[in-house]
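Reviewing the structure listed below.
Just so it is clear, none of the values below were taken in a lab; they were calculated from the coordinates. As the structure is a computational prediction, the values presented were derived from the model and not from experiment. When we count neighbours, we look across all protein chains shown, and the Cβ atoms used for this are built from the backbone with ideal geometry, even at glycine.
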Amino acid sequence: MHALIVIDVQNDFCPGGALAVDEGDRIVPGINALMDEAEAVILTQDWHPAGHSSFASQHEGKAPLEMTEMPYGPQVLWPDHCVQGSHGAAFHAALNTDRAEMIVRKGFRPGIDSYSAFFENDHATPTGLEGYLRTRGIERLTMVGLATDFCVNFSAVDAAKLGFDTTVRTDLCRAIDLDGSLKAATEGMIQAGVTLV
Ligand code: VGL
Ligand code: ZN
């Protein structure tokens, strides 16, 4: 069985949002069209408590997009975004959420960020998505959404490492591209065995 996984198509990652990705809204019609043919549809939603530790505002002297060291490793500091229950955390209004059979919320632990739909940024704390997919007999995944070089990348690499047959539709993703992060992400996904189309 095959599933379409739609990563973080939320207002804060679209133009006008707190962590806007260039053309983030442009992928919405194509994603909706893909849902029509999908066997199963799963959405992810970046979902941080106010004052989350990935926000630069919580680190004195730090600006958004600077790095810090967390107990689990290096972490990019972001503008406040996708705060639980806020307009920015809501899905883009044009995204068809009716087909979603599962919505995975991630990044809700105050002290740890979660780019991947499978594991938090310690690469150890599971979100539960792996078990959900396996118990439903889903073995093949197509991923689309935001941002190519962060949440899509981490989700796709983890999926491939877990043994899922994983494809990323790069035409239905858009990137933040911070210091060459898109190139590094592309190379990392290919190395992990992800199919990029
Ligand atoms: C994301 C940065 C912070 C993403 C989420 O969805 O790619 N990026 N939180
Ligand atoms: Zn986030």
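Numbers below:
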| read-out | value |
| --- | --- |
| In the stretch 106-141, residue farthest from V83 (Cα to Cα) [restricted to those that are of a type in the set (S, T, N, Q) and out of contact with any Lys or Arg (no Cβ under 6 Å at 6 or more places or on another chain)] | T135 |
| Candidate set from the stretch 87-142 (those that are touching a helix residue (DSSP H, G or I) at 6+ places or on another chain (Cβ under 7 Å) and without any contact (Cβ under 8 Å) to a residue 60 or more places away in the chain); member that is surrounded by the fewest Cβ atoms within 10 Å (Cβ to Cβ) | F119 |
| Residues of the stretch 57-86 that turn out to be surrounded by fewer than 18 Cβ atoms within 10 Å (Cβ to Cβ) and touching a Leu at 6+ places or on another chain (Cβ under 9 Å), as a count | 11 |
| Sole residue being in a helix (DSSP H, G or I), crowded, with 19+ Cβ neighbours inside 10 Å and either of a type in the set (A, V, I, L, M) or within 13 Å of ligand 1 (Cβ to nearest atom) (or both), chosen from I5, I27, I42 | I27 |
| Among residues of the stretch 154-192, those that are among the hydrophobic types (A, V, I, L, M, F, W, C), over 23 Å from L129 (Cα atoms) and in a loop (DSSP other than H, G, I, E, B), counted | 3 |
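Condition check ((1) on the phi < 0 side of the Ramachandran plot; (2) out of contact with any Leu (no Cβ under 9 Å at 6 or more places or on another chain); (3) hydroxyl-bearing (S, T, Y)) across all residues:
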site: L4; (1), (2), (3): yes, no, no
site: D8; (1), (2), (3): no, no, no
site: F13; (1), (2), (3): yes, no, no
site: A20; (1), (2), (3): yes, yes, no
site: E23; (1), (2), (3): no, yes, no
site: R26; (1), (2), (3): yes, yes, no
site: A33; (1), (2), (3): yes, yes, no
